[in-house]
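The structure appears right after this line, and notes come after that.
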Amino acid sequence: MDKITAIIVDDEQDSRETLRNYVGKYCPQISLLAECANIVEAKDAIIKLQPKLVFLDIEMPRGNAFDLLEHWGEIGFEIIFVTAFSQYAVQAFNLSAAHYILKPVDIEELEKAVVTVEQLILQKSELNRAKILMENMATLNSQNRKLVLPLMEGFAVVKMSDILFCEAQDNFTCFYFTDGKKSLICRNLKFYESALSDFGFCRVHRSHIVNLEYIKRYIKGKGGSVVLENGKEILVSNNKKEELIRRLSRG
């Protein structure tokens, strides 16, 4: 495979220099073509150089990353976001399967992100993660947000409102949808507990996460159980009971 052509977009000179040095030393598959200090420079560089990858800082004084991306209907390059954003934004990245590294840049995380992008370029992946991320960041109603699920043959993009519950199956997670379909995903339930907890989902048992929107009733007991709108009854662990009732009462 030819080297992956790339540019760096970051308003901070020190950050650009650090990333340039790390990429040069630890990512031999990358060929850096240019460095840009703002989105105006970045837009020109992308049009002129046609990079396969853009290392893109989120917040810059003359416009943020999403202002830049709005110039493209179909984004024809992979993106690794470089961010000092809060945990809230990191959840949005995880939901969208967007690639990101946190500042200060960790070498291992950088290498991992570059290898992932390299594989996607080889596979000619057409999933527009950046567009999904932009939609998720702009959506106030959490049930309208989208979740990218990695499948054996690619990816599925689903609305959170279509997810009924999730079930742990060893190191996999099985998603059950409102239309009766299901998908087995190669990520553990703990990952989705972290990714979904702020968006209307609650882990009620070591084996289950439920969409609070679809709980029809709660049955009392030591931990009790919940009945979903499709009639499915799911046990609630005693140590999860208080949190579940608190969140249901709040809703």
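The values are calculated or read from the model by the stated rules, or taken from the named source; none is laboratory data. Remember, predicted model here, so these are calculated numbers, not experimental data. As a convention, Cβ positions derive from the backbone with ideal geometry for all residues, glycine included, and neighbour counts pool all protein chains shown.
Side notes on the structure shown:
- Region 106-120: number of residues that are in contact with a strand residue (DSSP E or B) (Cβ under 7 Å, 6 or more places away or on another chain) and at pLDDT 80 or above: 7
- Residues in region 180-211 that are surrounded by 18 or more Cβ atoms within 10 Å (Cβ to Cβ) and among the aliphatic types (A, V, I, L, M): ILE185, LEU189, ALA195, LEU196, VAL204, ILE209, VAL210.
- Residue in region 229-248 that is touching a Lys or Arg at 6+ places or on another chain (Cβ under 6 Å), closer than 28 Å to PRO150 by Cβ and either modelled with pLDDT of 95 or more or in the same structural domain as LEU149 (by TED's automatic domain parsing) (or both) present: yes
- With a requirement of 2 or more residues that are in contact with a Leu (Cβ under 7 Å, 6 or more places away or on another chain) and among the hydroxyl-bearing types (Ser, Thr, Tyr), the strands (runs of 3 or more DSSP E) lying completely within region 164-251 that satisfy it span 172-177.
- Residue tally, condition surrounded by 15 or more Cβ atoms within 10 Å (Cβ to Cβ) and of a type in the set (S, T, N, Q), over region 219-251: 2
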